[in-house]
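Report on the following structure.
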Amino acid sequence: MKKMLMATTAAALLATNAYADAHSKEVKLGIVFGFTGPIESLTGPMASGAEMAMKEVTDSGKLMGGAKVTSIRADSGCIDNALAVAGAERLIAEGINGLIGADCSGVTGAVLQNVAIPNGMAMISPSATSPGLSTMEDNGLFFRTSPSDAREGEVMAEILQERGVKSIALTYTNNDYGKGLADAIETSFKAIGGEVTIVAAHEDGKADYSAEVGALASAGGDILVVAGYLDQGGPGIINAALDTGAFDTFGLPGGMIGDTLPGRIGDDLNGSYGQIAGSEGQGIEVFTKMAEDGGFNGTSPYTPESYDAAALFLLAMQAADSMDPAVYGPKILEVANAPGEKIYPGELAKALELIAAGTDVDYVGASAVELIGAGESAGTYRMIEVKDGVIETIGFK
């Protein structure tokens, strides 16, 4: 009996030690999003999406022999470069192996230049869309799962044309994101014969936008396109335009789209329309159900892209058998694109097994990932319209 007990105890110890060894590796992924600031209503679901992928991989026990994945968050403020850089530097100090973010374009460029490049840290942003990021020197460290605003400008111009819009007034939030998107919309709409009556910047955080709306109203236009933020100046511009009767229909690019916007404006927003990065098909359907089971909204803007950003990091690490960005960084494009077996949300364990066996994978994910150029999303867009106080999907481009 004593020998049997000793043998059982030894076996248990061996199993415990094996489990401990398998989980001795810890992969730390930093998340730097604007948990405060002009898109704060979006960043909770975004972070939950990324962390759901991390949990899925940890629970599988299949990442590099059973590594655990830990999330560490930092606030970017969306438009606060100093806060974003300080937050990213703290994440570096805490030993992250990859950085999900930043979220808004200006802070993303600041973090890339001041933190990621000096520290050789790979970044995947799910929501930074400025065309300027496409040409920024990044030492091969920067990727994004959302498409560039250069593409969104083309899509918005097509939508406006299809709805018979001949002229637009255009206002934008005065930062890298707003300026880049406004330039893309103006160029694309003019290229298909549309008239842009005025292009005017607005500052976020003001109590009164009557002067800005006065200038927009004087210029006129069939519709007012607001390239702003849904939790800051954008609703202020729209409410001021409605109050004065200057415009009654609004074009809504990605930064303006979120569940809080109809609540801020009311029924007068009905009939306004726009677009945001988004896809249809198996990936988003599965992800939406997974998010619902996880207690958050998987259709919230840039939430699918956040899940995909985390997944790409972890699959690339598996492919390189390394947590070092210098080693796994070149694998991100490989696991994201064909050839290989297609991988959807909920299939990360399967993907890790295939990669470990030397089989190629083509990560499709929740947002139909396809990385082009230096590592940005080719992108599809979800077209929306506000109906009865709710943002409804009406198609895809």
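Each residue of segment 291-301 was assigned a 3J(HN,Hα) from its phi angle through the Karplus expression (A = 6.51, B = -1.76, C = 1.60, θ = phi - 60°), giving 5, 4, 5, x, x, 9, 8, x, 8, 4, x Hz with x at Gly and Pro.
Applying 1/(1 + (r/R0)^6) with r as the Cβ-Cβ distance of residue 136 and residue 360 and R0 = 30 angstrom yields a FRET efficiency of 0.50. Only beta bridges with both residues in the chain are counted; by DSSP, about 25 percent of them are antiparallel.
Partner aspartates and glutamates whose Cα lies under 19 Å from the Cα of residue 68, excluding those fewer than 8 positions away in the same chain, are identified as 21, 26, 51, 56, 59, 94, 308, 321, 324, 347, 353. Between 378, 131, 214, the Cα set farthest toward the positive side of the dipole of the chain (charges on each charged residue's Cβ, about the Cα centre) is that of 378.
In loop segments of segment 127-195 as defined by DSSP, the trypsin sites (Lys or Arg not before Pro) with at most 14 further C-beta atoms inside 10 Å of their C-beta are 163, 166.
What dipole magnitude, in Debye to the nearest 20, does segment 242-397 give about its Cα centre under +1 on Lys/Arg Cβ and -1 on Asp/Glu Cβ?
Working: 8 positive and 24 negative charges, 29 e Å.
Dipole size: approximately 140 debye.
For Cα extents along the principal axes in Å, computed directly from the structure shown, the correct entry in (1) 92, 39, 36; (2) 122, 50, 32; (3) 62, 46, 40 is (1). Residue 75 contributes an accessible area of around 40 Å² to the protein surface, as traced by a 1.4 Å probe with all chains present.
3J(HN,Hα) couplings calculated from phi for segment 320-328 with the Karplus curve 6.51 cos²θ - 1.76 cosθ + 1.60 (θ = phi - 60°) are, in sequence order, 8, 6, 7, 9, 8, x, 5, 8, 8 Hz; Gly and Pro show x.
Need one word for segment 141-255: rounded, prolate or oblate. Basis is the Cα gyration tensor (sqrt eigenvalues a ≥ b ≥ c); a/c below 1.5 gives rounded, then a/b vs b/c decides.
Since a/c reaches 1.5 but b/c is at least a/b, the shape of segment 141-255 is classed as oblate.
Of the residues 64, 198, 83, the one whose Cα sits farthest toward the positive end of the charge dipole of the chain, with +1 on the Cβ of Lys and Arg and -1 on the Cβ of Asp and Glu, is 64. Residues whose amide H falls under 5 Å from that of residue 278, counting only those 5 or more places apart or on a different chain, are 380, 381, 382, with hydrogens built in the peptide plane. Amide H contacts of residue 249: 224, each under 5 Å away and 5 or more positions distant or on a separate chain (H built 1.01 Å from N in the peptide plane; Pro and chain starts excluded).
Shown are 359, 135, whose ranking by accessible area with a 1.4 Å probe and every protein chain present, most to least, is 135, 359.
For residue 289 and residue 166, the difference between the fully extended length at 0.36 nm per residue and the C-alpha to C-alpha distance is 40.3 nm.
Ordering 95-102, 25-32, 195-202 by mean Cβ neighbour count within 10 Å, with the highest value first, yields 95-102, 25-32, 195-202. Computed over protein heavy atoms with a 1.4 Å probe, the carbon and sulfur contribution to the accessible area of segment 23-93 reaches 53%. Between the amide H of residue 31 and those of 72, 73, 74, 100, distances stay under 5 Å, these residues lying 5 or more places away or on another chain, with hydrogens modeled in the peptide plane. Evaluated with a Cβ-only charge set (Lys, Arg +1; Asp, Glu -1), segment 106-197 carries a dipole of roughly 100 debye about its Cα centre, given to the nearest 20.
Full extension from residue 119 to residue 187: what is 0.36 nm times the residue separation minus their Cα-Cα distance, to one decimal in nm?
20.8 nm
Length available on full extension from residue 89 to residue 201: 0.36 nm per residue minus the Cα-Cα distance, which gives 37.2 nm.
Each residue, residue 280 and residue 387, gets one label point 7 Å from its Cα in the Cβ direction; the gap between the two is 1.3 nm.
The values are calculated or read from the model by the stated rules, or taken from the named source; none is laboratory data. Please read these numbers as outputs of a predicted model, since none were measured by experiment. Cβ atoms come from the backbone with ideal geometry, glycine included; neighbour counts cover every protein chain shown. For the accessible areas, the whole protein counts, side chains as well, though only heavy atoms, and no ligand, DNA or RNA atoms are used. Shrake-Rupley method; radii C 1.70, N 1.55, O 1.52, S 1.80 Å.
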